[in-house]
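All remarks here apply to the structure that follows.
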Amino acid sequence: MITFLVRHGDAGVKGSWDGPDAGRPLSSTGLDQAEGLVLRLEDYPVERILCSPTVRCHQTIQPLARDRLLRIEPLAALGVDGGPSEILELFWDRQLPNTVLCTHGEMIGRLFARLAGQGLVAPAPLVWPKGSAWLLHRTDWRQLHARYLSPLALDRRLHTG
C-alpha cells in the first residue's frame, strides 16, 4: 500500500494575508507546484485524495483530482491543528490504499517524528518544502519505506487551453 504525503504549495508569507489563515490561497509559485504534482505522481496509482480543509491545501491537489477524476475529501485531522495520533491512524488505515494526504508542514513533522520511532526507512535528512511529496510504501504491517519527491513547478500558462 502506498500513501502520498503532500505538503501544500507555496502560499506566500503568512503575515501578509489579511484574512483567516485557513482562507490563505496559493501564490503563483504554489499554483505552478500544484500543476507539477500531477506530473510528479503520474506513474503511481491514486485512489483517494484526503485534504486539510484549508484553501491552500485544496488548491494544491485540485489539478491532481481533476486529472484523476477523483473527489477531494476534506478532513479536519489533516489541518494545522490536527493531532499526530489522528494522522497516524489515517496513515495505517488499510482501507486507504494509494491515498494522497495533503497537509501542512507542522503535521508532516509530527508524523515523521512518530514514524521514526516505528522503523521508518528513509533517506536523511527528512525535508518537506512547500509543494513536495513523500511516497510512503507500507511493505508489511508497521514496516515503512519512504521516498522523497521534490517539488516540480510547471508553468500553468502552458497547460491551459
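Annotations for the structure displayed:
- Candidate set from the range 47-70 (those that are more than 16 Å from T103 (Cβ to Cβ) and not in a helix (DSSP H, G or I)); member that is farthest from the chain's Cα centre (by Cα): L69
- Among all residues of the range 131-152, there is at least one that is of a type outside the set (F, W, Y), open to solvent by 60 Å² or more (accessible area, probe 1.4 Å), more than 17 Å from the chain's Cα centre (by Cα) and at positive phi.
- Matching residues, the range 71-88, being in a helix (DSSP H, G or I) and either at pLDDT 95 or above or under 23 Å from P20 (Cβ atoms) (or both): A76, A77, L78, E86, I87
- Residues considered: F91, F112. Of these, the only one that is without any contact (Cβ under 8 Å) to a residue 24 or more places away in the chain, in contact with a Leu (Cβ under 8 Å, 6 or more places away or on another chain) and part of a helix (DSSP H, G or I) is F112.
- Cβ pairs under 9 Å, 6+ apart, first in the range 25-52 and farther than 22 Å from P74 by Cβ, second part of a loop (DSSP other than H, G, I, E, B) and among the charged types (D, E, K, R): S28/D10; T29/D10; T29/K130; D32/D10; D32/D155
- Within the range 1-24, the only residue that satisfies the criterion of being surrounded by fewer than 22 Cβ atoms within 10 Å (Cβ to Cβ), β-branched (V, I, T) and in contact (Cβ under 8 Å) with a residue 60 or more places away in the chain is I2.
- Selection within the range 87-99 - farther than 16 Å from Q118 by Cβ and surrounded by 15 or more Cβ atoms within 10 Å (Cβ to Cβ): L96, T99
- Residues in the range 77-86 that are over 14 Å from the mean Cα position of the chain (by Cα) and open to solvent by 30 Å² or more (accessible area, probe 1.4 Å): D81, P84, S85, E86.
The values are calculated or read from the model by the stated rules, or taken from the named source; none is laboratory data. These numbers were taken from a predicted model, which means no experiment stands behind them. Don't worry about glycine lacking a Cβ; one is built from the backbone with ideal geometry, like all the others, and counts go over all protein chains shown. We work out accessible area using only protein heavy atoms, side chains counted, and drop any ligands, DNA or RNA first. Shrake-Rupley method; radii C 1.70, N 1.55, O 1.52, S 1.80 Å.
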